[in-house]
Amino acid sequence: MNRSLLTPRWLLLHALFLAAVIATGVLTGWQWDRAHEAGGSFQNLGYALQWPLFGLFTLFFWYRLVRMDAVPEQTEHDDEPAEESTHGRPLVPPQAPRVSADDDPQMAEYNRYLAELDEADRS
């Protein structure tokens with residue numbers, strides 16, 4: 001179990017998502033009962049069918065947030081190989097090949113300019 005999912009922030013998020021799922025379940029039952037009462041309509045029946053979808057979306061959103069938090073944060077290391085995601089694709093695209101002044105002089109000049117800006121930012 002990921003210990004970061006037990007921080008106060010995550011415990012609050014777990015409680016919020018749980019409350020949202022319970023609320024959609026209660027609202028489903030309420031709309032279902034309203035649809036079968038004398039004053040009920042097809043609109044109530046439609047809502048009774050929509051609320052479970054909202055609850056499923058809430059569960060899906062919670063699952064995605066947990067998965068995003070479980071992925072280790074990327075670090076910038078040029079000498080290390082690119083990490084792969086769970087699907088076998090690299091998390092960071094490979095570096096493009098260097099362009100020499102003979103291949104494309106404008107691109108080479110632009111790359112030198114970007115390198116100078118990067119060096120100025122770092123210092």
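Here's a check for you: in segment 61-117, which residue that is assigned to a helix (DSSP H, G or I) and in contact with a helix residue (DSSP H, G or I) (Cβ under 9 Å, 6 or more places away or on another chain) is modelled with the lowest pLDDT? Going through the qualifying residues, I end up with ALA70. Within segment 19-42, the set of residues being loosely packed, with under 13 Cβ neighbours inside 10 Å and either modelled with pLDDT of 90 or more or among the acidic types (Asp, Glu) (or both) comprises ALA19, ILE22, VAL26, GLY29, ASP33, GLU37.
The values are calculated or read from the model by the stated rules, or taken from the named source; none is laboratory data. Given the structure is predicted, the values throughout are model-derived calculations rather than measurements. Here the Cβ is made from the backbone with ideal geometry for all residues, glycine too, and neighbour counts use every protein chain on show.
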